[in-house]
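Okay, so here's the structure we're looking at.
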Amino acid sequence: MKTMRYLIAILLSGVLAFAAAGRAMAEGGEIKMAQQYGLAFLPLMVMQHYKLLEKHVKAAGLGEVKVSWVKLASGGVMNDALLGGDLSFASGGVPPFITLWAKTRGSLDVEGVCAMAAMPLYLNTRNPGIKSVKDFTERDKIALPAIKVSNQAMFLQMAAEQAFGEGSAHKLDSLTVSLSHPDAMTAMLSGGEINSHFSAPPFQYQELAVPGIHSVVSSYDLLGGAHTFAMVWTTAKYRQQNPKTFAAFLAAFEEADAIIARDNRGVAQMYLAETKSKDTVENIQKFITAAGSEFVMTPKNTVKQADFMYRVGTIKLKPASWKEMFFPEIHQLPGS
């Protein structure tokens, strides 16, 4: 009997060791990344261009890894890909993240990895008759990345409530059309049905350079100050099963921000090459360093956005503080 128990113990220890080895090997597997369109995603573009994630993963002792990158048009699509296991890290606006954070409490526990950029977002139009949000009618169409759930959709709801009073947050939702920023800019400038675009850098600045285009409202005005525009998130399970990869991602992201800070002209040249944009290096460099734009990992005014979403019924749970929505690795960042 003792011999049998001894053999079972040996077999069990072998199984556990094999399982542990399997987990260790799994962490060195493919890392699936995604980004959207625009300057807010510049840190991820720098990471991809300079292979910073590969560098820091290798430094963490995980060897050579495959990092796959895809472009997705909206945070909602990001969420679907993350939940489907097709992404390791998702990136996008704060509202899509908050929506998933609230929905996954107690299950997948999606949380924020870090902020990516704080930038003002402009609602631009070619309609000369629109001087304020109150001037939009059923004849106007507003393009934005995703109806109801994107950054721009939430800020349009804020603008509607401020213009028409409490309970009017969704008054302009029927005017919105879901388009990626490049397609939205093309559509608005073409003179067709879509005459307005709740945009993002650099597209909003490129639009305003066109005669006849003007801005109606800024998201910084609506929220009463600077706010995080884009960020990164993942599941608690991924972080738990891939601790070295998670730490390597943060290290790579921090290095990307440092590159942007010390060489914004070189980064502007990289952006033009990667996006095939016909804009100038000088313009992109100016957009990167525009007043109110910051590439920082510290979240800004995310709770204000969550409070609004809770009040208008977009989410059914609101955080007590921003730290409740983000993994602890960034809780002590400067400015937090």
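Of all residues in segment 56-80 being surrounded by fewer than 16 Cβ atoms within 10 Å (Cβ to Cβ) and in a helix (DSSP H, G or I), which is farthest from the chain's Cα centre (by Cα)? Going through the qualifying residues, I end up with GLY61. LYS171 fulfils the conditions (1) of a type outside the set (Gly, Ala, Ser); (2) assigned by TED's automatic domain parsing to the domain that holds ALA290; (3) farther than 29 Å from GLU64 by Cβ except for a single criterion, (2). Here GLY85 meets each of (1) at pLDDT 95 or above; (2) part of a loop (DSSP other than H, G, I, E, B) with one exception, condition (1). Against the numbered list (1) farther than 19 Å from VAL46 by Cα; (2) part of a helix (DSSP H, G or I), LYS316 comes up short only at (2).
Does at least one position in segment 157-170 carry a residue that is assigned to a loop (DSSP other than H, G, I, E, B) and surrounded by 18 or more Cβ atoms within 10 Å (Cβ to Cβ)? The answer is yes; a qualifying residue exists.
Here the condition is being of a type in the set (Lys, Arg), farther than 25 Å from GLY225 by Cβ and without any contact (Cβ under 8 Å) to a residue 40 or more places away in the chain; of LYS244, LYS237, LYS316, LYS276, it holds for LYS276 alone. Right, TRP233: of a type outside the set (Gly, Ala, Ser), closer than 23 Å to LEU156 by Cα and surrounded by 21 or more Cβ atoms within 10 Å (Cβ to Cβ) or not? No. Of all residues in segment 198-230, those that are surrounded by 17 or more Cβ atoms within 10 Å (Cβ to Cβ), under 19 Å from the mean Cα position of the chain (by Cα) and not in a loop (DSSP other than H, G, I, E, B) total 9.
Residues of segment 111-134 that are aliphatic (A, V, I, L, M) and in a loop (DSSP other than H, G, I, E, B): MET119, LEU121, ILE130. Looking at segment 135-142, can you tell me whether even one residue there is assigned to a loop (DSSP other than H, G, I, E, B), surrounded by fewer than 24 Cβ atoms within 10 Å (Cβ to Cβ), among the charged types (D, E, K, R) and under 22 Å from the mean Cα position of the chain (by Cα)? No, every residue in segment 135-142 fails to be assigned to a loop (DSSP other than H, G, I, E, B), surrounded by fewer than 24 Cβ atoms within 10 Å (Cβ to Cβ), among the charged types (D, E, K, R) and under 22 Å from the mean Cα position of the chain (by Cα). Please indicate, with yes or no, whether at least one residue in segment 34-55 is of a type in the set (A, V, I, L, M, F, W, C) and either assigned to a strand (DSSP E or B) or in contact with a Lys or Arg (Cβ under 8 Å, 6 or more places away or on another chain) (or both). Looking for residues that are of a type in the set (A, V, I, L, M, F, W, C) and either assigned to a strand (DSSP E or B) or in contact with a Lys or Arg (Cβ under 8 Å, 6 or more places away or on another chain) (or both), one finds at least one in segment 34-55, hence yes.
Given the condition in a helix (DSSP H, G or I), aliphatic (A, V, I, L, M) and touching an Asp or Glu at 6+ places or on another chain (Cβ under 7 Å), answer yes or no: does some residue in segment 282-304 qualify? There is no residue in segment 282-304 that is in a helix (DSSP H, G or I), aliphatic (A, V, I, L, M) and touching an Asp or Glu at 6+ places or on another chain (Cβ under 7 Å). Within segment 91-110, none of the residues are among the charged types (D, E, K, R), over 19 Å from PRO182 (Cβ atoms), in the same structural domain as VAL296 (by TED's automatic domain parsing) and in a strand (DSSP E or B). Within segment 97-143, being of a type in the set (Ser, Thr, Tyr), in contact (Cβ under 8 Å) with a residue 40 or more places away in the chain and over 19 Å from LYS300 (Cα atoms) holds for THR104, THR125, SER132. The set of residues in segment 270-280 that are over 20 Å from the mean Cα position of the chain (by Cα) and exposed (fewer than 14 other Cβ atoms within 10 Å of the Cβ) comprises ALA273, LYS276, LYS278, THR280.
So, of the residues in segment 320-336 that are in contact (Cβ under 8 Å) with a residue 60 or more places away in the chain and either buried (at least 18 other Cβ atoms within 10 Å of the Cβ) or polar (S, T, N, Q) (or both), which turns out to be farthest from VAL110 (Cα to Cα)? Ranking the qualifying residues of segment 320-336, first place goes to ILE330.
Take the residues of segment 231-255 that are of a type in the set (Val, Ile, Thr) and in a strand (DSSP E or B): which is farthest from TYR122 (Cα to Cα)? Among them, the one singled out is THR235.
The values are calculated or read from the model by the stated rules, or taken from the named source; none is laboratory data. Because the structure is a prediction, the values reported are computed rather than measured. Cβ coordinates were reconstructed from backbone atoms using ideal geometry, including for glycine residues, and neighbour counts include every protein chain displayed.
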